[in-house]
Amino acid sequence: MNQINLDKLLRLSAGGKADSGAVKLVLAQVYQAQLQQLPDGGARLQLGAGQMPLQLTLSAAEAARLQGLLQPGAVPGQPRQHASATGLQVPVQVQFALSADNQIQLNLQNSPVTQTLALPTAQVRQLLLQFFLGASGATPVQTPSTDNNQAETPQQSAALVSARLLVAASSSAATSAVAPVKAGSIQLPMMAPLTIAKAAQQQLSSLLQPSHSNQLTVLLQLSSSNGELSARLLLPGNASGAQQTLLDKPQQQQLLQQLVQLFNQQRPSTLSPLPLLSTLKLPPGAAQQLQLQQQGTNWQLVLQPASVKTGLTVDASQFNRPLQLVGPAPAANNKEVAPAQLTSSTITQAWRHLLPVLPLSADPLASVPELPEPVQQLLQTVRHSQLDGAKVVPAQQLLPQLLSLLQFQPLQSQASLQTSGGTLAVAIQLLLGHLLQKPVPAAQTAANQRLSQLVSALEPQQASNLLRQLASHSSTLQQSQLATLDSSTQAQQQLILQLPLQQGNHSVFSQLQIEQREADCKQDGSKQTLWQLTMRFDMQQLGAMLVIARLQQQQLQLQFYTEQPQALALTEQFLPILKDRCTMQGLEVKQAECVLGKIPESLLPRANSLLTIKV
């Protein structure tokens, strides 16, 4: 920590001594202030209120550097575009520091205020469809509008989009040269799969069987009626009949939520070209975060202005009152004080408190402010593709994520941004193509255009460093794949997977091990299949937790192990809820307990290698 010479700070007041009428300011402390534009082009910074507030008068040249605070979206150093901003007063946060030549260094930051704009459902419908048309390349179609209170352009109510059917081969696949397919779920571009209604299963199967293809063109229709917004998927040419609806009511609601979530994940630069946004009276400002939110049947567009930071160096004489900047006083007689002697027991106790909050290893996906903006956005995209460790993930979303990790290859073809494994592969391929200056197939995919633009903005050294980070992250996934290959030669079948989870701002890996064994039946001694699922979780301050679940027939045994008493108490509190949910799934819970124990550092074998040497 840099020491502050208090004597130099006191020279800021007249005579080089502390002034009893001086304003006392603490270095690096955040103060609330008001920044006002003056008629002559200058500006005034004011701290406090009352009869004698602290004021700093800035010249027009100095005020020009603060236009990003006074006028959101203005370019620093450029003159004001219109005079209506004169007298404008905005709240800011300011910190004071002392420069090397004893001038005052000001670090200012605006206080962005979140604003909301109420939108009728008809405008929300237009906004979502316009965004989806531009992002997916879908084709707008003309269908009758379902609005009762507002007439709109029919072309903005529906779109033809190419969807992918997730199909499974039937049992006749072993005896038939070409197995028929059965439609189970449907997936739109950039979105998670949705379960198809049972009433449409047979009709889709008959459509798919002649071509044996899993690609199908469907009609995405957004409707607003009586203040409610709904989304449907229909077969083209049969939009008038309810029998041709592909999704039931819960899945229709899920489709709408996915559209809203996809909209909210976009950067403002991606949404700004939308025609409807240009007609809305949005407050001025650059790089705003736009979020669609629903409260009951009401919709609103939330605008979060970007934070603006700037620095300015001024002279103490520009303030209307003398300043007294204070900081940590030096030791008496300027003599260094020897540090206190620490005993071994004190050090041990300190480490016990510190180690639980330290990460086991560096997070290669961590983003720091010093990184370039394109690098931060790329890392954020990879993090957002991972499962959220604080939420319960539905089975239809969990299965594609697990499959993408099991099948992960850095150079795999047709990688999807809907999964963590696919997003990681796309990012690695784009970085390799950028460094080698060669086109890659991933750059030609419409869904990857945003990532491709971010990669193109990187300098070679930045792209090389980012590629090393992503390679370090991917090596963890491939390490579990090697462990699975090693176990395939053993008598018992094993599947080992390291699942990346997003816990707040940290990316952590939870380890899963699935084993299939043979067990003796207690009644007749016959052989039965026993499934065992072992999971190791890193619960941050609560330490590691090991979960072992054994399933034989419909009988389930659950054992939890933890090293922390606090984690033990929390687990015992929620065990009855977990048992009830397992019972609702038709399972008989024979055992469910949590005990203290030593958790292994990893579920992976101690040694695995690409080569096996036998002598």
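Below are the figures for this structure:
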| quantity | calculated |
| --- | --- |
| Cβ pairs under 6 Å, 6+ apart, first in the stretch 387-415 and within 14 Å of LEU512 (Cβ to Cβ), second modelled with pLDDT under 85 and assigned to a loop (DSSP other than H, G, I, E, B) | LEU387/VAL393 |
| Pick from the stretch 257-278, criterion at pLDDT 85 or above and out of contact with any helix residue (DSSP H, G or I) (no Cβ under 8 Å at 6 or more places or on another chain), ranking: surrounded by the most Cβ atoms within 10 Å (Cβ to Cβ) | GLN258 |
| Qualifying residue in the stretch 532-553 (condition: open to solvent by 20 Å² or more (accessible area, probe 1.4 Å), in a strand (DSSP E or B) and touching a helix residue (DSSP H, G or I) at 6+ places or on another chain (Cβ under 6 Å)) | no |
| Filtered residues of the stretch 465-475 (kept if hydroxyl-bearing (Ser, Thr, Tyr) and open to solvent by less than 30 Å² (accessible area, probe 1.4 Å)) | SER474 |
| Within the stretch 587-615, considering residues that are acidic (Asp, Glu) and within 25 Å of GLN540 (Cβ to Cβ), the one modelled with the highest pLDDT | GLU593 |
| Selection within the stretch 419-449 - within 21 Å of HIS384 (Cα to Cα) and at pLDDT below 85 | ALA442, ALA443, THR445, ALA446, ALA447, ASN448 |
| Cross-chain or 6+ apart pairs with Cβ under 9 Å, the stretch 442-461 first and surrounded by fewer than 16 Cβ atoms within 10 Å (Cβ to Cβ), then among the polar types (S, T, N, Q) | GLN444/SER452; ALA446/SER136 |
| Count of the stretch 482-505 residues which are at pLDDT below 70 and assigned to a loop (DSSP other than H, G, I, E, B) | 5 |
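The values are calculated or read from the model by the stated rules, or taken from the named source; none is laboratory data. A quick note: this is a predicted structure, and the numbers were derived from the prediction, not measured. So basically every Cβ, Gly included, is an ideal-geometry build from the backbone, and we count neighbours across all protein chains shown. Only protein heavy atoms, including side chains, enter the accessible area calculation; ligands, DNA and RNA are left aside. Shrake-Rupley method; radii C 1.70, N 1.55, O 1.52, S 1.80 Å.
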